[in-house]
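What follows is a short report on a single structure.
The values are calculated or read from the model by the stated rules, or taken from the named source; none is laboratory data. Predicted model only: the values in this text are computed from it and were never measured. Cβ sites come from the backbone with ideal geometry, for glycine too, and all protein chains shown count toward neighbours.
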Amino acid sequence: TGSTRPQRILRAVQKNATRGDPCSVVKAIDDYCRHKEWAMNVGDEKGCIVDSVVSEVKPTAVLELGTYCAYSTVRIASLLSPNAKLITLEFNSDYAAIAREVIAWAGLQDKIQLVEGASGEWIPRLKEEFGIETFDLIFLDHWKDRYLPDTKLLEKCGLLRPGTVLLADNVICPGTPDYLDYVRNSQQYKSKFFKSHLEYTQEEDGLEKSVFLG
Ligand SMILES: O=C(NC/C=C/[C@H]1O[C@@H](n2ccc(=O)cc2)[C@H](O)[C@@H]1O)c1cc([N+](=O)[O-])cc(O)c1O
Ligand SMILES: [Mg+2]
């Protein structure tokens, strides 16, 4: 019974990153996953695009779908203003446990609320449970066949406002064709593709930024 990949990623963070320094946590994960063992973090190339969108939106309420080892959670939260909050949904309890340790190592526990469970179950509960009105930014990076149903659920639950930005990872690889078709052809969204590469590889990938128009 050896270790799991998330456990090895956490070990690399604890070995190579400085406590309380989110940038060193991000770098430690990127170095490990580029040189030792690939993992499905958004990564440094697409991560720079995420950074630029976060800096442009200046969100105070962020929702992340799919925490995994909290790489993007930490990367995004490190750019938020003092009163801003990020809620991240994680379905797998083993991943969630690792993510909590990574978030703690980065010293970002006060900005991040990690919720364990399925997006379809939790999205309808966010207003009531966390006093959320609407989100300013949503980062989609969970199961690719959940991007579209969860977007429709977010609309239905009144969690989007005119100007809310949806930023979706992996719209090329592994791909999210039904989601892409929806946001690019719906009158309710203004969508833009940011061409990039699959994390730590030369494969084509990209992010789709879609502004909800109401
Ligand atoms: O499959 C991918 N991502 C699926 C991520 C899923 C994550 O979302 C969580 N979740 C949280 C809430 C839910 O409701 C459901 C799942 C899962 O428990 C997991 O932690 C993927 C694959 C590649 N790839 O190259 O193959 C590259 C990527 O960047 C990827 O993101
Ligand atoms: Mg991804």
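Based on this model, can you work out whether Gly163 counts as without any contact (Cβ under 8 Å) to a residue 40 or more places away in the chain and over 24 Å from Tyr68 (Cβ atoms)?
On the way: without any contact (Cβ under 8 Å) to a residue 40 or more places away in the chain: no; over 24 Å from Tyr68 (Cβ atoms): yes.
The answer is no for Gly163.
What residue, among those in the range 33-45 that are assigned to a helix (DSSP H, G or I) and surrounded by 22 or more Cβ atoms within 10 Å (Cβ to Cβ), is farthest from ligand 2 (Cβ to nearest atom)?
Residue satisfying both the conditions and the ranking: Cys33.
If you check Pro174, Pro162, which single one turns out to be surrounded by fewer than 20 Cβ atoms within 10 Å (Cβ to Cβ), in contact with a helix residue (DSSP H, G or I) (Cβ under 9 Å, 6 or more places away or on another chain) and not aromatic (Phe, Trp, Tyr)?
Within the list Pro174, Pro162, the selection yields Pro174.
Determine, yes or no, whether Ser210 is in contact with a strand residue (DSSP E or B) (Cβ under 7 Å, 6 or more places away or on another chain), small (Gly, Ala, Ser) and modelled with pLDDT of 95 or more.
Details: in contact with a strand residue (DSSP E or B) (Cβ under 7 Å, 6 or more places away or on another chain): yes; small (Gly, Ala, Ser): yes; modelled with pLDDT of 95 or more: yes.
Spelling it out, Ser210 is indeed in contact with a strand residue (DSSP E or B) (Cβ under 7 Å, 6 or more places away or on another chain), small (Gly, Ala, Ser) and modelled with pLDDT of 95 or more.
Tell me whether the range 89-112 contains one or more residues that are buried (at least 21 other Cβ atoms within 10 Å of the Cβ), more than 16 Å from ligand 2 (Cβ to nearest atom) and within 21 Å of Ala168 (Cβ to Cβ).
yes
Taking the range 69-80, which residues are in contact with a strand residue (DSSP E or B) (Cβ under 8 Å, 6 or more places away or on another chain) and surrounded by fewer than 24 Cβ atoms within 10 Å (Cβ to Cβ)?
Within the range 69-80, just Leu80 meets the criteria.
Please go through the range 172-198 and pick out each residue that is within 16 Å of ligand 2 (Cβ to nearest atom) and closer than 12 Å to Ile49 by Cβ.
Phe193, Phe194, Lys195, Ser196, His197
So, in the range 114-123, of the ones that are at negative phi and out of contact with any helix residue (DSSP H, G or I) (no Cβ under 7 Å at 6 or more places or on another chain), which residue ends up farthest from ligand 2 (Cβ to nearest atom)?
Here the residue is Glu121.
Only one of Leu153, Leu207, Leu180, Leu198 is under 18 Å from the mean Cα position of the chain (by Cα) and closer than 19 Å to Glu90 by Cα. Can you tell me which?
Details: Leu207 fails: closer than 19 Å to Glu90 by Cα; Leu180 fails: closer than 19 Å to Glu90 by Cα; Leu198 fails: closer than 19 Å to Glu90 by Cα.
On inspection, the qualifying residue turns out to be Leu153.
So, in the range 63-88, exactly how many residues are in a strand (DSSP E or B) and within 9 Å of the chain's Cα centre (by Cα)?
Result for the range 63-88: 4.
Answer with yes or no whether Asp51 is at pLDDT 95 or above, within 16 Å of ligand 2 (Cβ to nearest atom) and either in contact with an Asp or Glu (Cβ under 6 Å, 6 or more places away or on another chain) or among the basic types (Lys, Arg) (or both).
Working: at pLDDT 95 or above: yes; within 16 Å of ligand 2 (Cβ to nearest atom): yes; either in contact with an Asp or Glu (Cβ under 6 Å, 6 or more places away or on another chain) or among the basic types (Lys, Arg) (or both): no.
In short, no.
Does Arg75 count as in contact with a helix residue (DSSP H, G or I) (Cβ under 8 Å, 6 or more places away or on another chain), at pLDDT 95 or above and either within 16 Å of ligand 2 (Cβ to nearest atom) or closer than 30 Å to Arg19 by Cα (or both)?
yes
Residues in the range 1-17 that are exposed (fewer than 15 other Cβ atoms within 10 Å of the Cβ) and part of a loop (DSSP other than H, G, I, E, B): how many?
Summing the residues that are exposed (fewer than 15 other Cβ atoms within 10 Å of the Cβ) and part of a loop (DSSP other than H, G, I, E, B) in the range 1-17 gives 4.
Could you check the range 74-121 and list, in sequence order, the residues that are closer than 17 Å to Met40 by Cβ and among the acidic types (Asp, Glu)?
Glu90, Asp94
Scanning for something touching a Ser or Thr at 6+ places or on another chain (Cβ under 6 Å), away from ligand 2 (no atom under 16 Å from the Cβ) and farther than 13 Å from Leu63 by Cβ, does the range 141-154 turn up at least one residue?
Within the range 141-154, none of the residues are touching a Ser or Thr at 6+ places or on another chain (Cβ under 6 Å), away from ligand 2 (no atom under 16 Å from the Cβ) and farther than 13 Å from Leu63 by Cβ.
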